[in-house]
Amino acid sequence: MDVGAINCLSYEDFVSVFGNVVERCPIIPAAVWSQRPFPSVAALQAAIFDFIDALPESGKEGILRCHPDLAGKELRGGTLTRESREEQGAAGLDRMDAAEVSRMASLNAQYKERFGFPFVICARASDKAAIAEQMCERLRNAHAQERSRAVEEVKKICRLRLQGLVLTNQINKL
Ligand SMILES: NC(=O)N[C@H]1NC(=O)NC1=O
């Protein structure tokens, strides 16, 4: 994907291509579109990250709450976004036995109870065993520390999704 092609996109096409680089937060590409022309894809990514960083803490938590549970009801019900389904599949979360599913459900519930937002991790950069370990470990974090940790994971997910769009040349499919 060429940044020139990105800069030529209408608002509607831009939001349609980049609408899920942050899970279920099309407001983010909608907000950064007016900053075009972007000198590079890296600059587009930086604009997205700046938008996230400028949000109040309640806004950052709002972004976290847009994320589906890992190995949760949405995975079983088939209602995940395509990106999330692929990421959870890459980590093996769609191939867990009943004991693993129930352990993850219990960790998800403990985490949400403690922090008030779902556990977020870049699943593609991990696997189901490491994810369960991270959940136990991060449950011990203080609230503000954990919120920043989770936002860093949102950025990792975003970086990989953007890279995926660049590689698959999605713009040419419009
Ligand atoms: N809860 C959570 O981390 N969800 C996300 N992680 C990821 O890699 N894709 C998601 O949807």
* Asked: Are any residues in region 91-124 loosely packed, with under 15 Cβ neighbours inside 10 Å, closer than 21 Å to Cys25 by Cβ and not charged (D, E, K, R), and if so, which ones?
  -> Gly116
* State all residues of region 123-134 that are within 10 Å of the ligand (Cβ to nearest atom) and closer than 14 Å to Glu100 by Cβ; if no residue qualifies, say none. => Ile131
* In this structure, is Arg85 open to solvent by 70 Å² or more (accessible area, probe 1.4 Å) and within 10 Å of the ligand (Cβ to nearest atom)? -> yes
* **Filter pass, Gly77 being assigned by TED's automatic domain parsing to the domain that holds Cys122, free of Cβ contacts under 8 Å to residues at least 12 places away in the same chain and more than 14 Å from the ligand (Cβ to nearest atom)** => yes
* Asked: If you check Asp53, Asp127, which single one turns out to be open to solvent by 50 Å² or more (accessible area, probe 1.4 Å), in contact with a Gly (Cβ under 9 Å, 6 or more places away or on another chain), closer than 27 Å to Gln163 by Cα and among the acidic types (Asp, Glu)?
  -> Asp127
* **Qualifying residue in region 94-105 (condition: outside any helix (DSSP H, G or I), out of contact with any strand residue (DSSP E or B) (no Cβ under 8 Å at 6 or more places or on another chain) and within 14 Å of the ligand (Cβ to nearest atom))** => yes
* Structure fact -> Scanning region 65-74 residue by residue, the ones that are over 20 Å from Gly19 (Cα atoms) and within 12 Å of the ligand (Cβ to nearest atom) total 3
* From Glu23, Glu61, which residue is over 14 Å from Leu162 (Cβ atoms) and either modelled with pLDDT of 95 or more or assigned by TED's automatic domain parsing to the domain that holds Tyr111 (or both)? -> Glu61
* Kindly indicate the residue of region 112-137 that is part of a helix (DSSP H, G or I) and aliphatic (A, V, I, L, M) and also farthest from the chain's Cα centre (by Cα) among those meeting that condition. => Ala129
* List every residue pair whose Cβ atoms lie under 6 Å apart, where the two residues are 6 or more positions apart in sequence or sit on different chains, the first residue falls within region 121-147 and is of a type in the set (Ser, Thr, Tyr), and the second residue, located anywhere, is within 13 Å of the ligand (Cβ to nearest atom). => Ser126/Ala91
* Could we say that Pro26 is touching a residue at least 24 places away in the same chain (Cβ under 8 Å) and closer than 27 Å to Ile131 by Cα here? -> no
* To do: Give the residue, chosen from Arg161, Arg140, that is assigned to a helix (DSSP H, G or I), out of contact with any strand residue (DSSP E or B) (no Cβ under 6 Å at 6 or more places or on another chain) and modelled with pLDDT of 95 or more.
  => Arg161
* Considering only region 1-92, give the helices (runs of 4 or more DSSP H) lying wholly within it that have at least 2 residues that are among the aromatic types (Phe, Trp, Tyr) and under 20 Å from Ile157 (Cα atoms). => 11-18, 41-54
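The values are calculated or read from the model by the stated rules, or taken from the named source; none is laboratory data. Keep in mind that what you see is a predicted model, and the values were worked out from it rather than measured. Virtual Cβ from ideal backbone geometry, glycine too; neighbours counted across all protein chains shown. Note: areas computed on protein heavy atoms with side chains; ligands, DNA, RNA excluded. Shrake-Rupley method; radii C 1.70, N 1.55, O 1.52, S 1.80 Å.
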